[in-house]
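To start, the structure itself, in structure tokens.
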Amino acid sequence: MLYAQITGWGRCLPPARLTNRDIMEVMDTSEEWILERTGIETRRISHVMSADLAHVASERALACAGVQADKIDMIAFATTTADEIVPNTASLLQGKLGATGAACFDLNAACTGFIYAFQMVSDMIRTGTIKSALVVGSERLSSLMNWKRRESAILFGDGAAALVLQASTQESGFFQGKMGCIENTRELLAIPDYGLHAIAQHRPLDITIDFHGREIFKNAVNEMANACTEVLERSGLDLKDVDLIVPHQANARIVEALAKKLNADPEKIVITLDRYANTSTSSIPIALCEAIEQGRVRPGATILMTAFGAGLTWGALLLKWGERIAPLGESSIELPATDKTGLELIKEAIRLRDKVWHDKK
Ligand code: UT7
């Protein structure tokens, strides 16, 4: 029997921080509102593209696994902020890594992307189609934000993380999962012009997030709770058999409501949203990496992950950690340095946005 063991892990958070107080300089909001309604205190803002964040995270994950990039059979790149749509960002990452033997694809299931990609790739390893893979989540959502929309712009941050999966006969890795998408909820979280729509309708580009926070909130809690219950039931496990819960990091109140619904022990839940905010598809692997670094992942641990996102997509999965919790090696790679603050980067993004819009109108 083959398993898809996690043998490497790495993350990359850009250095520039944007605090709630900083955001008050560019929009009508308050530190108290953001903290109370979301649990977010600060987030990271990237000065580089999604593929660059992914590159650093992936080099770290490969070093951790002790695997050469050219031994990787597949790169699954989950993102909603691809550097380009054609060709895909996975192939850009392939070139940066020298992963010459890898098949490459991008996957967009918004914040649930990593859950989808991890599950699909794990199954390909378990069935023997491929022997190794890099599953990456990387996002630079700060450059997509409309900083006039306070209900959405305050929520997101940038970052990336990657896992190396390898075929193993040792019982470990993904073993149960459920994915879905609620029909007719697309308008609850949408960027209507982030595709061919505007071109087909001969309109100027207007990249703005349509966002119905309360509706998404309710759906998120319900669907994640249902998905978690189903994967537990199908595995014959109870929540008390789960050692660690890694939920999508959208809002502390969503995580609390989910924990209440599942009757989960808050001690088992990994939280990073206070410092990194919602990094979309990267949020779960970033949180997992942090939990490993903090010694919260024990050999043989059972881990539950769950997410929701635009679509509205949702998913949950269960995995069993292997024996090794220490990296085999470390990479010295770092992002190119920047002396810009998060606020300076955001002001630059706003200026650029105003200019592009002005030019197009
Ligand atoms: O991962 C997928 C993406 N993430 C999500 O989809 C997040 C899901 N939703 C949420 O996290 C929450 O719904 C939000 C944090 C977005 C909003 O929290 P809420 O408690 O649902 O607030 P609300 O939308 O009901 O708004 C309450 C009030 C409104 O004012 P009025 O109409 O009551 O006077 C808003 O205008 O809060 C106001 N408001 C703000 N005030 C200060 C909304 N955004 C802000 C803001 N600062 N940034």
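The values are calculated or read from the model by the stated rules, or taken from the named source; none is laboratory data. From a predicted model like this one, the values you see are computed outputs, not experimental measurements. Cβ atoms come from the backbone with ideal geometry, glycine included; neighbour counts cover every protein chain shown.
Details
- The test for being over 18 Å from GLY10 (Cα atoms), of a type outside the set (Gly, Ala, Ser) and buried (at least 18 other Cβ atoms within 10 Å of the Cβ) does not hold for THR281.
- When residues of the stretch 107-164 are limited to those that are within 12 Å of the ligand (Cβ to nearest atom) and among the hydroxyl-bearing types (Ser, Thr, Tyr), the one surrounded by the fewest Cβ atoms within 10 Å (Cβ to Cβ): SER152
- Of the residues screened, LEU134 is one that is farther than 30 Å from THR19 by Cα and under 16 Å from the mean Cα position of the chain (by Cα).
- Residue in the stretch 344-352 that is on the phi > 0 side of the Ramachandran plot and in a helix (DSSP H, G or I) present: no
- Residue-level analysis places THR100 among those that are among the polar types (S, T, N, Q), surrounded by fewer than 21 Cβ atoms within 10 Å (Cβ to Cβ), outside any helix (DSSP H, G or I) and at pLDDT 95 or above.
- The residues of the stretch 192-208 that are in a loop (DSSP other than H, G, I, E, B) and out of contact with any Phe, Trp or Tyr (no Cβ under 9 Å at 6 or more places or on another chain), listed by number, are PRO192, ASP193, TYR194, GLY195, LEU196, GLN201, HIS202, ARG203, THR208.
- Residue within the stretch 285-295 that is part of a loop (DSSP other than H, G, I, E, B) and touching a residue at least 40 places away in the same chain (Cβ under 8 Å) present: no
- Among residues of the stretch 59-97, those that are part of a loop (DSSP other than H, G, I, E, B) and crowded, with 18+ Cβ neighbours inside 10 Å, counted: 9
For every residue, the table says whether it meets (1) over 11 Å from the mean Cα position of the chain (by Cα); (2) more than 16 Å from the ligand (Cβ to nearest atom); (3) over 19 Å from GLY173 (Cα atoms).
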| site | (1), (2), (3) |
| --- | --- |
| GLY236 | yes, yes, no |
| LEU239 | yes, yes, no |
| LEU244 | yes, yes, no |
| ALA252 | yes, no, yes |
| LYS261 | yes, no, yes |
| ALA264 | yes, yes, yes |
| ALA287 | no, no, no |
